[in-house]
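The structure appears right after this line, and notes come after that.
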Amino acid sequence: MYELQNINQNLLNDLILNVLKLLKEKKYIYLIKAIEYAIKKELPNAPKQVIEPLIRKVQKNLNVIKERKIILFESEEEAQLLFKKNYKHVLNLAHKLEKTNYNFSEMIYQSYDLCKYDKKIIYHGKENFYNITYLLDIHDKHCKAYRKWEFENKIKPNEININISHNTNKDFESQTKFLRATYELYNSNPYAQNLEKDLEQYLIDVYEDDRYMMARSIQEIANIKYDVDTFKNKEYATILKTFENLKPFLNSDRVIEKTDIIFSWLTYVAVIYTKLNPQKIPATTLGRYITTVAKATTIFKDFEDDYIISLDKIRKANFREIAIYNNLRLMQCTDKRLKLTYNEKTTLEIENYIKNIIFYIKKFKI
């Protein structure tokens with residue numbers, strides 16, 4: 001994760017060890033409470049209506065971890081039988097489309113071949129594949145992002161900017177000009193007072209200082225359903241409204257190309273087999289599969305080379321985030337041309353938050 005790349009690695013290792021120990025001991029409540037207390041320490045004046053939705057989100061993710069079981073398949077045959085059972089309709093479709101959509105059919109057949117490199121996940125009594133479940137979820141998110149990108153591209157007037165992702169200005173300094181221009185009339189009136197507009201302009205300033213984290217934060221906060229009618233301090237309701245107002249405009253940290261989304265999807269395929277669930281899959285096998293997945297898209301259907309991601313990159317497995325787009329983390333093999341910058345103030349804030357989580361975990365365990 002981008003947020004963890006530039007922080008003190010000893011601190012990060014300490015956090016990971018403490019969290020893993022709690023998960024192993026199934027002491028989930030300690031972790032939830034540690035995160036809750038750490039958030040309250042960072043936001044001491046925030047009402048409970050702001051804190052509670054954040055905690056519920058953490059608890060929901062932990063409930064999934066608590067209720068699922070991940071184990072190895074006893075044999076390749078067991079994995080194949082489960083694939084035939086769960087994805088029989090997909091295999092039948094692949095067979096029907098062999099002549100009319102060869103790339104799609106080949107992708108399904110290769111997915112079947114790769115099930116031996118997967119693990120079994122059991123959730124609420126249902127058996128499935130760990131890798132495939134993860135990839136289907138990531139694929140859905142990338143499809144939504146792709147459709148969103150095409151919609152934004154369609155409605156964008158020529159040479160007129162409507163957001164960051166489709167900005168005509170490549171230099172960062174000019175990309176927020178279209179948004180700042182909307183406040184000129186308000187700013188020119190010495191008698192005008194509008195907390196919402198003042199806060200929006202403040203958030204734009206913060207965004208320019210730390211584009212990646214703010215692009216993510218704006219989308220994340222705007223997507224949480226707060227019951228603002230219950231807020232005693234209406235200023236907090238106004239603050240949350242400013243995030244919602246800026247969400248359509250500050251939707252990414254830089255200009256996004258359509259191919260960024262496609263290559264991100266392909267990179268996630270590589271990540272699951274090399275990082276999240278490494279099962280000694282040969283680089284050539286994974287490389288061919290990723291290329292087949294690419295050729296199943298409209299953009300790369302006529303791709304003729306052997307590998308769309310080189311075997312050297314797959315073997316090195318240096319994958320990282322290159323951008324944020326509508327709260328989707330876009331990934332790619334290491335590319336120095338798309339290097340993300342880090343804000344020192346944000347880094348220190350994250351480190352302090354992690355220190356607080358570690359402190360409360362250790363305090364609760366005593």
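The values are calculated or read from the model by the stated rules, or taken from the named source; none is laboratory data. Just so it is clear, the model here is predicted, and its values are computed rather than measured. Glycine gets a Cβ as well: all are built from the backbone with ideal geometry, and neighbour counts include every protein chain shown. Keep in mind that these areas ignore ligands, DNA and RNA; they rest on the heavy atoms of the full protein, side chains included. Shrake-Rupley method; radii C 1.70, N 1.55, O 1.52, S 1.80 Å.
Looking only at residues in region 48-88 that are among the aliphatic types (A, V, I, L, M), open to solvent by 60 Å² or more (accessible area, probe 1.4 Å) and in a helix (DSSP H, G or I), which one is nearest to Lys232 (Cα to Cα)?
Across region 48-88, the extreme among qualifying residues is Ile65.
When region 98-142 is examined, which residues are found to be in contact with a Leu (Cβ under 9 Å, 6 or more places away or on another chain), farther than 17 Å from Lys275 by Cα and hydrophobic (A, V, I, L, M, F, W, C)?
Residues satisfying the conditions are Phe104, Ile108.
Got at least one residue in region 110-118 being over 30 Å from the mean Cα position of the chain (by Cα), open to solvent by 30 Å² or more (accessible area, probe 1.4 Å) and over 30 Å from Leu20 (Cα atoms)?
Among the residues of region 110-118, not one is over 30 Å from the mean Cα position of the chain (by Cα), open to solvent by 30 Å² or more (accessible area, probe 1.4 Å) and over 30 Å from Leu20 (Cα atoms), which makes the answer no.
Which of the residues belonging to region 1-47 are within 27 Å of Phe319 (Cα to Cα), open to solvent by less than 80 Å² (accessible area, probe 1.4 Å) and touching a residue at least 24 places away in the same chain (Cβ under 8 Å)?
Tyr2, Glu3, Leu4, Ile7, Asn8, Leu11, Leu12, Asp14, Leu15, Asn18, Val19, Leu23 - these are the residues of region 1-47 that are within 27 Å of Phe319 (Cα to Cα), open to solvent by less than 80 Å² (accessible area, probe 1.4 Å) and touching a residue at least 24 places away in the same chain (Cβ under 8 Å).
What are the residues in region 119-129 that are open to solvent by less than 40 Å² (accessible area, probe 1.4 Å) and either at pLDDT below 95 or closer than 19 Å to Val271 by Cβ (or both), if any?
If the condition is that a residue be open to solvent by less than 40 Å² (accessible area, probe 1.4 Å) and either at pLDDT below 95 or closer than 19 Å to Val271 by Cβ (or both), then Ile121, Phe129 are the ones that fit.
Give the residue, chosen from Ile261, Ile204, Ile221, Ile256, that is open to solvent by 40 Å² or more (accessible area, probe 1.4 Å), of a type in the set (A, V, I, L, M, F, W, C) and within 27 Å of Tyr146 (Cα to Cα). Before you say what the answer is, go through the steps one by one.
Values: Ile261 fails: open to solvent by 40 Å² or more (accessible area, probe 1.4 Å); Ile204 fails: open to solvent by 40 Å² or more (accessible area, probe 1.4 Å); Ile256 fails: open to solvent by 40 Å² or more (accessible area, probe 1.4 Å).
Of Ile261, Ile204, Ile221, Ile256, the one residue that is open to solvent by 40 Å² or more (accessible area, probe 1.4 Å), of a type in the set (A, V, I, L, M, F, W, C) and within 27 Å of Tyr146 (Cα to Cα) is Ile221.
Determine the pairs where a residue that is under 18 Å from Ala38 (Cβ atoms), located within region 337-353, has a partner that is modelled with pLDDT under 85 and in a helix (DSSP H, G or I) with Cβ atoms under 7 Å apart, the partner being 6 or more residues away or on another chain.
The qualifying pairs are Ile350/Glu3.
Return only the number of the condition from (1) part of a helix (DSSP H, G or I); (2) farther than 30 Å from Tyr30 by Cα; (3) open to solvent by less than 40 Å² (accessible area, probe 1.4 Å) that Asn92 does not satisfy.
Looking at each condition in turn, Asn92 falls short on (3).
Which pairs do you get when a residue that is of a type in the set (Ser, Thr, Tyr), found in region 236-247, comes within reach of a residue that is in a helix (DSSP H, G or I), reach meaning Cβ atoms under 7 angstrom, with the pair 6+ apart or on two chains?
Tyr236/Val50; Thr238/Leu195; Thr238/Glu196; Thr238/Leu199; Thr242/Glu196; Thr242/Leu199; Thr242/Glu200; Thr242/Leu203
Go through Arg211, Arg180, Arg147 for me and flag whichever is over 30 Å from Leu4 (Cα atoms), of a type in the set (Lys, Arg) and either surrounded by 12 or more Cβ atoms within 10 Å (Cβ to Cβ) or within 21 Å of the chain's Cα centre (by Cα) (or both).
None of the other options fit; the residue is Arg180.
Here's a check for you: in region 291-305, which residue that is more than 14 Å from Glu106 (Cβ to Cβ) and free of Cβ contacts under 8 Å to residues at least 24 places away in the same chain is most open to solvent (accessible area, probe 1.4 Å)?
Glu304
Which one is modelled with the lowest pLDDT among residues in region 346-366 that are out of contact with any helix residue (DSSP H, G or I) (no Cβ under 8 Å at 6 or more places or on another chain) and β-branched (Val, Ile, Thr)?
Ile366
Here are Leu286, Leu250, Leu276, Leu266: which of them is open to solvent by 20 Å² or more (accessible area, probe 1.4 Å), touching a residue at least 24 places away in the same chain (Cβ under 8 Å) and out of contact with any His (no Cβ under 7 Å at 6 or more places or on another chain)?
Leu276
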